[in-house]
């Protein structure tokens with residue numbers, strides 16, 4: 001697998017000796033100030049050999065039937081291809097790049113729109129190229145590039161994540177990037193993207209919980225409605241960083257949630273539930289509702305994580321994929337509407 005250089009993107013040269021540096025090195029401290037720069041919009045370049053680009057397009061066509069054709073969601077993860085990545089005069093080698101997403105991928109692709117979301121995995125090809133073993137991007141292994149699907153303002157992902165964190169809810173860091181891709185004929189501007197921290201990557205969990213060793217679930221599908229004990233399986237509750245681990249924490253939570261004590265003994269029901277769920281973080285629901293974030297739990301069966309915080313041994317809710325916040329859902333009537341006209345101007349006397 002070739003590790004090419006494009007000298008016009010390199011300032012002063014850059015090579016594999018950078019593996020001990022803070023930019024590339026294994027074990028480097030995550031540099032949020034560079035990766036999630038809040039003061040400028042950096043440029044990020046990907047150079048992909050023509051054959052790999054063709055393979056990437058052939059793969060997405062096989063999953064979704066070709067641009068302009070109707071298609072359903074695919075359960076198959078799109079193909080990773082090696083790309084040379086450039087940022088601020090430095091090169092990263094044979095970085096794994098693939099398309100990602102559900103409706104943000106399927107809908108846009110079948111409409112013939114080329115601005116698709118991406119997932120980056122810095123060391124995906126380390127088995128094929130041992131020289132990049134442990135390669136990081138300023139301390140990060142995985143990153144997500146959102147195309148801002150259904151968001152003409154381009155700020156939903158960023159503002160929602162910032163609001164959640166200010167409200168005390170763990171949420172990924174975000175920032176904007178100008179994305180260019182050269183797949184044989186020179187760099188092409190693909191547009192303004194939002195870089196999003198990947199929840200189950202070590203930096204976010206360490207930064208916000210002090211440990212990345214707890215179970216990190218990304219519930220998806222009917223089972224994550226949390227209304228059926230028999231549907232507590234790894235299919236519906238995949239564990240992103242402890243694959244194969246026991247589902248006892250999820251089972252305990254849903255068993256407590258569905259207990260008949262909810263009606264017969266509410267105090268006991270609440271006490272049992274609090275053994276498994278960090279109730280303080282349920283203020284997430286208030287922020288989520290206020291921001292009209294309909295594309296998540298409550299209406300949809302996806303777009304959230306649950307992390308077992310080892311410091312409390314309780315599950316914590318983490319919002320994800322917030323591009324459709326601040327908007328009505330399908331039909332225009334699926335988000336909360338506020339009407340304060342009947343509220344009293346002063347509290348009622350007790």
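At a glance:
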| quantity | calculated |
| --- | --- |
| Number of the exception - residue 270 against (1) surrounded by 18 or more Cβ atoms within 10 Å (Cβ to Cβ); (2) modelled with pLDDT of 90 or more; (3) part of a helix (DSSP H, G or I) | (1) |
| Number of the condition not met by residue 137 [criteria: (1) out of contact with any helix residue (DSSP H, G or I) (no Cβ under 7 Å at 6 or more places or on another chain); (2) buried (at least 18 other Cβ atoms within 10 Å of the Cβ); (3) in contact (Cβ under 8 Å) with a residue 40 or more places away in the chain; (4) under 17 Å from residue 30 (Cα atoms)] | (1) |
| Segment 295-309 - residue that is out of contact with any helix residue (DSSP H, G or I) (no Cβ under 9 Å at 6 or more places or on another chain) and more than 21 Å from residue 212 (Cα to Cα) and, of those, surrounded by the most Cβ atoms within 10 Å (Cβ to Cβ) | 300 |
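Table: residues versus (1) at positive phi; (2) surrounded by fewer than 17 Cβ atoms within 10 Å (Cβ to Cβ); (3) modelled with pLDDT under 95; (4) not in a strand (DSSP E or B).
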{"position": "172", "(1), (2), (3), (4)": "no, no, no, yes"}
{"position": "177", "(1), (2), (3), (4)": "no, no, no, no"}
{"position": "193", "(1), (2), (3), (4)": "no, no, no, no"}
{"position": "196", "(1), (2), (3), (4)": "no, no, no, no"}
{"position": "207", "(1), (2), (3), (4)": "no, yes, no, yes"}
{"position": "223", "(1), (2), (3), (4)": "no, no, yes, yes"}
{"position": "236", "(1), (2), (3), (4)": "no, no, no, yes"}
{"position": "241", "(1), (2), (3), (4)": "no, no, yes, yes"}
{"position": "244", "(1), (2), (3), (4)": "yes, yes, yes, yes"}
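The values are calculated or read from the model by the stated rules, or taken from the named source; none is laboratory data. What you are looking at is a predicted structure, and each value in this text was computed from that prediction instead of being measured. When we count neighbours, we look across all protein chains shown, and the Cβ atoms used for this are built from the backbone with ideal geometry, even at glycine.
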